Amino acid sequence: GENVEQHPSTLSVQEGDSAVIKCTYSDSASNYFPWYKQELGKRPQLIIDIRSNVGEKKDQRIAVTLNKTAKHFSLHITETQPEDSAVYFCAATFKGGGNKLTFGTGTQLKVEL
Amino acid sequence: KAGVTQTPRYLIKTRGQQVTLSCSPISGHRSVSWYQQTPGQGLQFLFEYFSETQRNKGNFPGRFSGRQFSNSRSEMNVSTLELGDSALYLCASSLDGTTNYGYTFGSGTRLTVV
């Protein structure tokens with residue numbers, strides 16, 4: 001079935017350190033993998049996405065890597081700052097599901113001073 | 001450029017009642033998707049509309065329905081409300097109904113069923 005697993009559920013890092021969140025998906029035909037950041041009481045915001053024909057994508061301090069063979073993708077945040085504290089969700093589209101996004105369960109990232 | 005607008009922001013309803021939520025997508029966007037967000041189940045897909053047609057539907061009971069108007073605004077309706085329907089309901093719009101341009105979420109409607 002359509003499934004996205006996300007780990008860890010909580011992550012605490014010191015300011016300036018790197019943070020890595022990993023997701024695995026069940027369908028090898030999946031082709032779109034976005035990451036969303038949701039601050040408390042706010043809407044999910046797309047921060048970066050990657051497609052199956054690309055192995056890595058970067059945007060300033062944020063990067064996403066995709067391993068199609070292992071069916072997993074990861075979010076990397078470098079030089080973390082307190083404003084990076086939020087819940088991060090990975091998602092994927094699945095073959096036959098159109099553009100429906102199936103989300104992971106979220107990672108609560110806390111950046112400590 | 002205005003973002004995705006959802007109204008109302010908050011709603012309190014009684015069990016058994018029905019509710020209608022509204023979503024206005026970004027101007028020019030033709031696709032609207034709805035998601036339910038709860039602490040226990042996370043973000044779950046409800047349905048997607050494109051050019052007034054429902055293109056996809058999630059695994060929710062028939063009490064959950066929706067529609068899209070010619071101006072791309074969408075409404076979702078929940079009838080015979082249950083306590084478990086308490087959630088944040090989010091809509092997301094996209095330009096052309098594909099993943100080419102990503103999805104932008106609205107701020108959601110917080111529904112509380114008492």
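Just so it is clear, none of the values below were taken in a lab; they were calculated from the coordinates. Because the structure is a prediction, the values reported are computed rather than measured. When we count neighbours, we look across all protein chains shown, and the Cβ atoms used for this are built from the backbone with ideal geometry, even at glycine.
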Query - Selected residue (only one of A:TYR32, A:TYR36 is within 20 Å of B:LEU90 (Cβ to Cβ) and in contact with a helix residue (DSSP H, G or I) (Cβ under 7 Å, 6 or more places away or on another chain)) - result: A:TYR32
Report task. May I ask you to list the residues in region A:10-34 that are within 11 Å of another protein chain (Cβ to nearest Cβ) and either closer than 17 Å to A:GLN108 by Cα or not in a loop (DSSP other than H, G, I, E, B) (or both)? Result -> A:TYR32, A:PHE33, A:PRO34
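Please report, ordered by residue number, the strands (runs of 3 or more DSSP E) entirely within region A:44-91 with at least 1 residues that are closer than 30 Å to B:THR109 by Cβ and hydrophobic (A, V, I, L, M, F, W, C). Reasoning before the result, please.
Values: elements: A:45-51, A:56-59, A:62-67, A:72-77.
In region A:44-91, the matching strands (runs of 3 or more DSSP E) lie at A:45-51, A:62-67, A:72-77.
Please return the ranges of strands (runs of 3 or more DSSP E) entirely within region B:45-114 where 1 or more residues are more than 11 Å from the chain's Cα centre (by Cα) and under 21 Å from B:GLY3 (Cβ atoms). If you could, list the steps in order and put the result at the bottom.
Values: elements: B:53-57, B:64-68, B:74-78, B:87-94, B:109-113.
Per the criteria, B:87-94, B:109-113.
Taking region A:1-37, which residues are among the hydroxyl-bearing types (Ser, Thr, Tyr) and more than 27 Å from A:GLY96 (Cα to Cα)? Explain how you work it out, then say what you get.
In the first step, residues of region A:1-37 are kept if they are among the hydroxyl-bearing types (Ser, Thr, Tyr); the result is A:9-10, A:12, A:18, A:24-26, A:28, A:30, A:32, A:36.
Across region A:1-37, the qualifying residues are A:SER9, A:THR10, A:SER12, A:SER18.
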Report task. Would you check if B:LEU111 is within 28 Å of A:LEU40 (Cα to Cα) and crowded, with 20+ Cβ neighbours inside 10 Å? Result -> yes
Requested in this report: Return a yes/no flag: does region B:29-42 have any residue that is part of a strand (DSSP E or B), without any contact (Cβ under 8 Å) to a residue 40 or more places away in the chain and either out of contact with any Lys or Arg (no Cβ under 8 Å at 6 or more places or on another chain) or closer than 17 Å to B:GLY3 by Cα (or both).
Outcome: yes
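Would you call B:ARG15 over 18 Å from B:VAL113 (Cβ atoms), surrounded by fewer than 21 Cβ atoms within 10 Å (Cβ to Cβ), in contact (Cβ under 8 Å) with a residue 40 or more places away in the chain and touching a strand residue (DSSP E or B) at 6+ places or on another chain (Cβ under 8 Å)?
Criteria not met by B:ARG15.
Take B:THR53 and decide whether it is touching a Lys or Arg at 6+ places or on another chain (Cβ under 7 Å), surrounded by fewer than 18 Cβ atoms within 10 Å (Cβ to Cβ), of a type in the set (Ser, Thr, Tyr) and farther than 14 Å from B:PHE105 by Cβ.
Details: touching a Lys or Arg at 6+ places or on another chain (Cβ under 7 Å): no; surrounded by fewer than 18 Cβ atoms within 10 Å (Cβ to Cβ): yes; of a type in the set (Ser, Thr, Tyr): yes; farther than 14 Å from B:PHE105 by Cβ: yes.
For B:THR53, the condition - touching a Lys or Arg at 6+ places or on another chain (Cβ under 7 Å), surrounded by fewer than 18 Cβ atoms within 10 Å (Cβ to Cβ), of a type in the set (Ser, Thr, Tyr) and farther than 14 Å from B:PHE105 by Cβ - is not met.
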